[in-house]
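Okay, so here's the structure we're looking at.
The values are calculated or read from the model by the stated rules, or taken from the named source; none is laboratory data. Note that the structure is a prediction, hence the values are computed from the model and not measured. Counting neighbours? That spans all protein chains shown, and the Cβs are built from the backbone with ideal geometry, glycine included.
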Amino acid sequence: MADDWRDDLAEWLRPFVATLGDRRRARMCPAYVEGLIGPGDRKSVQPMAMRSPGIGYDQLHHFIGAALWDSAPLEKELCRQADALVGGSDAWLIIDDTALPKKGRASVGVAPQYASALGKNANCQTLVSVTLASGEVPVMIGLRLFLPESWTSDTARMDRAKVPDEARTYRTKPEIALAEIDRVRSAGARFGGILADAGYGLSGPFRQALTERGLTWAVGIPHKQKVYPANVALIFPVAGRGRPRKNHVPDVPSRPAQEILEKAKWQAVSWRRGTKGKLSARFAAMRVRVADGPPQRIGNLGQQHLPGEEVWLVGEHRSTGERKYSLSNLPADTPLKKLAGAIKARWVCEQAHQQLKEELGLDHFEGRSWQGLHRHALMTMIAFSFLQARRLKAAGGKKKGPSSPAATEPTSYQADDLDPAQSAAAQLSPLP
């Protein structure tokens, strides 16, 4: 990057700073973002203050942890900037979560829970993430802390961490994700559909809520998710004895997704070209109806879910032997290659998670409060968005205005066949 990046950052931050309405906060915001982007291995408040001429630790700490300013206008401006970079009908909004390993139990939301980055249960904080992405260019626009029930059931603990009243009721990750989707839509972020992994896709209410909002979606599911054939019919069962049956039942039982695709036609599909050639796997797709309708007792099968929405069931056989399954409400005439491309587009959010941690210090925050953690996360997303804007500009990508067509994918973002941990360092090194 050129040596004038600090001048570019100051100019780029003007609309963010304007929302703060105070000259002291207007000085601290650029200093904090600059500290995240600049050199130095540790991106917590104290070392960043030491590297910032004329900025004291107490000033920076007060800005991020205690000062009275509203994050919402900055979050809205971040959505606006992200939309200008990658928003449009060809963009995806990707829902996922990321874990921040932590010691102790005082930091807000920390608890033993599954950490996807570690592949096991660990003492950590979990943030639900929202990423706007076009092609291979992600811009993260939302990070919201998930509070386990061990926190929401402990009022004293939440008091100490200064959890706001509106966040004290237990919410599942899919519920948090839906609130975030509504927020970024109201902020004007444009996208063609929603992507999520099986941690969200296994939730019937989550999928149904997306459909009720008129959104296109493609989500992962567990292999045991029950589905019906698309042509399933609801019939009145014949009563051998007793009263006539009052409720319809499916004429065939539901079956696990893995089982229903076993005899499907599988074919090799390449969804895009990476730095080492075409990326491909074997895919199969079938129209089904999800077993997520109202529950009802069905003969000797006991309580079963009735057929719900008709969607695509998509299976993927990877070269490693791993098998993955997804559902999507993309139109019935969608080609298999497009289905595969939508499902595989989720990978860029993992890359963004890695970059935010390794290069911008998302997991370096040492405060314990709800407000401090969310403000630090917001500053890392603003820093990331600025760097993506510079890289798109350097790669020849055009910024997209509210009514302009989608920008061409820059060829410099083609590390999709690398592990995110490998590609992060190559694509997002700190500026000098």
Taking the range 291-325 and the residues there that are closer than 20 Å to P205 by Cα and assigned to a loop (DSSP other than H, G, I, E, B), the one that is modelled with the lowest pLDDT would be P294
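Residue-wise test of (1) within 29 Å of A196 (Cα to Cα); (2) modelled with pLDDT of 95 or more.
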| site | (1), (2) |
| --- | --- |
| A209 | yes, yes |
| P229 | yes, yes |
| P237 | no, no |
| P244 | no, no |
| P253 | yes, no |
| Q258 | yes, yes |
| A264 | yes, no |
| S270 | yes, no |
| K276 | yes, no |
Return the residue satisfying two criteria in turn: it lies in the range 11-23 and is part of a loop (DSSP other than H, G, I, E, B) and within 28 Å of the chain's Cα centre (by Cα), and of such residues it is modelled with the highest pLDDT. L13
Quick one: is T169 within 26 Å of L132 (Cα to Cα) and not basic (K, R)? no
Of all the residues that make up the range 67-88, how many are in contact (Cβ under 8 Å) with a residue 60 or more places away in the chain and either touching a helix residue (DSSP H, G or I) at 6+ places or on another chain (Cβ under 7 Å) or not basic (K, R) (or both)? 14
I'd like to check which strands (runs of 3 or more DSSP E) are fully inside the range 172-290 and have at least 1 residues that are of a type in the set (F, W, Y). 217-221, 226-229, 267-274, 277-290
So, first residue within 14 Å of S116 (Cβ to Cβ) and among the hydrophobic types (A, V, I, L, M, F, W, C) in the range 347-358, second residue surrounded by fewer than 24 Cβ atoms within 10 Å (Cβ to Cβ) and at pLDDT 95 or above, Cβ within less than 8 Å, six or more apart or across chains; the pairs are C349/D96
Condition check for D8: outside any helix (DSSP H, G or I) and more than 30 Å from T216 (Cα to Cα): no
Condition first: farther than 25 Å from A198 by Cβ, surrounded by fewer than 19 Cβ atoms within 10 Å (Cβ to Cβ) and in contact (Cβ under 8 Å) with a residue 60 or more places away in the chain. Now tell me which residues in the range 89-121 satisfy that. S89, A106
So, first residue touching a residue at least 60 places away in the same chain (Cβ under 8 Å) in the range 291-302, second residue assigned to a loop (DSSP other than H, G, I, E, B), Cβ within less than 6 Å, six or more apart or across chains; the pairs are A291/S254; D292/G308
I'd like to verify a number: residues in the range 366-388 that are modelled with pLDDT under 95 and either among the acidic types (D, E) or under 22 Å from the mean Cα position of the chain (by Cα) (or both), how many? 1
Would you mind finding the one in A133, A117 that is among the aliphatic types (A, V, I, L, M), modelled with pLDDT under 95 and not in a helix (DSSP H, G or I)? A117
Restricting to the range 130-184, name every residue that is within 30 Å of A395 (Cβ to Cβ) and hydrophobic (A, V, I, L, M, F, W, C). V130, L132, A133, V137, V139, M140, I141, L143, I181, V184
I need the helices (runs of 4 or more DSSP H) fully contained in the range 24-101, keeping only those with at least 2 residues that are modelled with pLDDT under 95. 45-50, 57-65
Of all residues in the range 129-186 being among the polar types (S, T, N, Q) and without any contact (Cβ under 8 Å) to a residue 40 or more places away in the chain, which is nearest to Y200 (Cα to Cα)? T172
Tell me which of these G274 doesn't satisfy, since it passes every other one: (1) surrounded by fewer than 18 Cβ atoms within 10 Å (Cβ to Cβ); (2) within 30 Å of V252 (Cα to Cα). (2)
Pairs please, first residue from the range 11-26 and free of Cβ contacts under 8 Å to residues at least 40 places away in the same chain and aliphatic (A, V, I, L, M), second anywhere and part of a loop (DSSP other than H, G, I, E, B) and surrounded by 18 or more Cβ atoms within 10 Å (Cβ to Cβ), Cβ atoms under 7 Å, 6+ apart in sequence or on different chains. A26/L20
